[in-house]
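Here the structure is laid out as structure tokens; the discussion comes afterwards.
A short reminder: the numbers here are calculations on the coordinates, not readings from a lab. These figures come from a predicted structure and were not determined experimentally. Note that each Cβ is placed from the backbone with ideal geometry, even for glycine, and that neighbours are counted across all protein chains shown.
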């Protein structure tokens, strides 16, 4: 026989006691379930099912919240890109506006407008679907911000 110190012996006794308690509790649970009526059993299972549904609903809500948070972050990034693009276009427009106000014939004006329209059409034709969606999203976002600002002003 191997030599065993008292500490090892106490650990083994403790583990054996824990296993005995678990076995006793499991047996009591089985005994209770054997004694319960079908109605009681159905009620217990129904409660368990409701708890599971609630847990799944909370997990789903958490997933939805995470997805919405990601969308907001992406929209914020797209907004910054669109804002930079808007500032560039606005600067170009102001320059064009200044130049257009100089005296020019109607024919020159029409020629300039045609060139600008073609440039805009070319830019739109070259933009990818993702860029287009981004541009439209940014336009919608700016529109919402303007409406919100107008609503705040009218409430004040």
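Quick notes on this structure:
- Taking packing as the residue-averaged number of other Cβ atoms within 10 angstrom, the listed peptides 134-140, 110-116 run from highest to lowest as 134-140, 110-116.
- Label corresponding to mean projected area of the Cα convex hull in nm² when calculated from the structure given, among (1) 9.3; (2) 26.6; (3) 8.4: (2)
- The angle separating the long axis of helix 6-35 from the principal Cα axis of greatest extent in the chain is about 80 degrees.
- Residue 19-residue 55 FRET efficiency (beta carbon distance; Förster radius 30 Å; 0.05 resolution): 0.50
- Residue 155/residue 130 FRET efficiency (R0 35 Å; Cβ-Cβ; nearest 0.05): 0.40
- FRET efficiency, 1/(1 + (r/R0)^6) with R0 35 Å, evaluated for residue 108 and residue 84 via beta carbons: 0.65
- Calculated [θ] (222 nm, deg cm²/dmol) that DSSP helices of n ≥ 4 give over the chain, each run adding -39,500 (n - 2.57): -33000 deg cm²/dmol
- Distance in nm between pseudo-label sites at residue 6 and residue 117 (7 Å out along the Cβ direction from Cα): 10.3 nm
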